[in-house]
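Here the structure is laid out as structure tokens; the discussion comes afterwards.
Taken together, the values in this text are just the output of simple stated rules run on the coordinates, not laboratory data. This one's a predicted model, so the numbers in the text were calculated from it and none came from an experiment. Cβ coordinates were reconstructed from backbone atoms using ideal geometry, including for glycine residues, and neighbour counts include every protein chain displayed.
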Amino acid sequence: MREEARTQLAERLRSRQEEIAQAALTRVYAVSDPSEIAAGEYREGLRGTVAAALGYGAAAFECADDRSPPVPAELLTQARLAARNRITLDAVMRRYIAGYTVFGDFVIEAAEEEGISSGSSLKRLLRVQAALFDRLLTAVTEEYNREAGQPGSTAERRMEQVRRLLDGELLDAPDLQYGFAAHHIGLIATGDEAQERLKEMLEHLDCRLLLVPATEKVIWAWIGSRRRLDPVDVPDFLPAGLTVAAGEPGEGLSGWRLTHRQAKMALPIASASPKRMARYGEVALLASIYGDELLAASLRQIFLAPLEAERDGGEAARETLRAYFAALRNTSSAAAALGVSRNTVTKRLQAIETMIGRSLASCGTELEAALRLEELHEGAAGGLSLRSTSSDLVGTLPTRKVT
């Protein structure tokens, strides 16, 4: 195959990368592993892993026959993370095979569009793809086995005990030096020197503290006390460079597990918030939607996509809706915030109801959730540049209608 044809094929695949990634992610997420209940950071990394693998596949077509691009570091990092989280190698391999199948379908389609349809050319193309995939699987397997076979340090033994307890096992864990029968609040902190900064943040509390490093920049933590804890026991003034998600207070071993899972769910919200802090009780609905690919995509399709038919792409409609929801659905207050008349806001809301085919009275909560989810994604992609204020982002979704 000519070099020019290979380059054009790679460019065509890159131009459809988002479409390919969505199709691949759908197949990848369908491969389940029970261990992932306690491995949120591994699942969060799947999206980046799929993107890196697709870029690797496209780049390979531009290389000469005797060389190929190096396996992306992101894939090796994810393999190590899978081993640490005790995701089975079988699940890892099945996910790669699922992604490979989807990518292969797009490669054949792109090849036909580029006029590469002759038997010999197409077979050669598929051989390149198969050889690349074999090389990728070998590297990922070796990295996984290397990580899984490492002798455990004290810190690794502590993390292993924590993971087993989170998975539901009952075992003595004297290395942890923590009372599981107490009251707990689970925390997850991210950032450079996260462990030291988290200790600094919590040093004034008269509580037992359990800290284990999940990764180099992610710390799992629990504060424990004989007295009943309150969410406000966790300060919301964070040291520079630290992001913290907090679960709700829990009691006993079951409460210890639950508050940790809540902190994991709240972490994406904290990461996108200007405050760099989120408490699960304040973001539970948004966190649940964020973790559900089908629900998030459906909310956007039903409630936000119709607004984009407007001449301004729906910006005025979104602005009006945000003001309306921020004012607890009071039309007059929304008008004052926007600097327009009450009649103008009323007409805009009526136009929005026509566009989405539903009354705001029947779908206001879902529509507001869709808007906040959009802001969350923009914040995660744009370095915390959210349209909403931090209080909007981490507040509960109001359900009371005031007119």
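Odds and ends about this structure:
- For the range 233-311, the gyration tensor built on C-alpha atoms gives an oblate shape. Its axis ratio a/c (a ≥ b ≥ c) is at least 1.5, and a/b is not larger than b/c.
- Estimated FRET transfer efficiency when R0 is 41 angstrom, pair residue 155-residue 251 (beta carbons, to 0.05): 0.90
- Percent antiparallel among DSSP beta bridges (both partners in the chain, rounded to 5): 85
- Taken as entire DSSP H runs, the helices of the chain that both span 30 Å or more between Cα atoms along their own long axis and average -1.0 or more on the Kyte-Doolittle scale are 89-113, 119-148, 252-272, 360-381.
- Counting 0.36 nm for each residue step from residue 127 to residue 177 and taking away their Cα separation leaves a gain of 12.5 nm.
- Antiparallel DSSP beta bridges within the range 154-281, as percent of all bridges there, nearest 5: 85
- A Förster radius of 30 Å, combined with the Cβ-Cβ distance separating residue 302 from residue 113, puts the computed FRET efficiency at roughly 0.40.
- Cα gyration tensor, the chain - rounded (a/c under 1.5), prolate or oblate: oblate
- Lysine-lysine proximity count for the chain, Cα under 26 Å, sequence distance 8 or more or distinct chains: 7
- Mean Cα-pair separation over length for the chain, i.e. relative contact order, pairs under 8 Å, 6 or more apart, %: 12
- The packing ranking, built from the mean of other Cβ atoms within 10 Å per residue, places the peptides 282-294, 355-367 in the order 282-294, 355-367, highest first.
- Pairwise label distance in nanometres, residue 217 with residue 90, each label 7 Å out on the Cα-Cβ vector: 3.4
- Cα gyration tensor category, rounded, prolate or oblate, for the range 253-359 with a/c compared to 1.5: prolate
- Summary value for the range 154-281: 29 percent relative contact order, contacts being C-alpha pairs under 8 angstrom separated by 6+ residues.
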